[in-house]
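The values are calculated or read from the model by the stated rules, or taken from the named source; none is laboratory data. Everything numeric in this text was worked out from a predicted model, so none of it was measured. No Cβ is skipped: glycine too gets one built from the backbone with ideal geometry, and neighbour counts run over all protein chains shown.
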Amino acid sequence: MADNKTSQPAALTPALRPLSPHLQIYRWQLTSVMSILHRASGIALSAGGVLLVWWLVAAASVPEAYNAVQNFLGSWLGVLLLLGWSAALFYHLCNGIRHLVWDTGHALDLRSTYVGGWAVVGASTVLTAIAWVAGIWHWVG
């Protein structure tokens with residue numbers, strides 16, 4: 001009986017055949033990245049909603065529970081979560097407005113989608129920075 005390895009042409013051996021040729025030529029696009037981030041920011045907002053409910057329940061509860069939540073939110077991890085939550089909020093808001101503009105049939109050409117995409121990135125960054133500067137200003141002052 002003949003060996004299968006010797007009867008198979010060398011060009012078809014698994015080591016020489018690419019498994020996913022589309023991965024070699026695909027380039028990430030701004031619109032696809034923003035679409036993925038829009039979904040991820042929605043998930044982050046849902047998780048942040050749980051954090052908000054925890055804070056509200058603790059505020060309506062005994063002072064020890066509220067202090068525990070405040071201590072957590074004041075820790076480096078809590079501040080990082082709040083920063084991420086606020087960034088997700090402003091990104092989701094700005095990108096949602098962009099989608100509303102698209103729903104009216106405007107800004108659907110390639111150039112406008114890129115201009116709008118970078119505007120969303122810039123606006124959400126600026127809004128997040130303004131919110132944090134205002135929050136720190138209020139806390140310090």
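General remarks:
- Of everything in the stretch 64-119 that is β-branched (V, I, T) and over 19 Å from I130 (Cβ atoms), the residue that is surrounded by the fewest Cβ atoms within 10 Å (Cβ to Cβ) is T104.
- Sole residue being farther than 20 Å from L83 by Cα and either of a type in the set (F, W, Y) or in contact (Cβ under 8 Å) with a residue 40 or more places away in the chain (or both), chosen from W118, W139, W132: W118
- Which listed residue, of T128, T113, is among the polar types (S, T, N, Q), part of a helix (DSSP H, G or I) and farther than 22 Å from I43 by Cα: T113
- Condition met for S86 (under 13 Å from the mean Cα position of the chain (by Cα), at pLDDT below 95 and part of a helix (DSSP H, G or I)): no
- Qualifying residue in the stretch 14-25 (condition: part of a loop (DSSP other than H, G, I, E, B), at pLDDT below 95 and under 21 Å from the mean Cα position of the chain (by Cα)): no
- Among the residues listed as W54, W85, the single one being in contact (Cβ under 8 Å) with a residue 40 or more places away in the chain, of a type outside the set (D, E, K, R) and within 24 Å of W139 (Cα to Cα): W85
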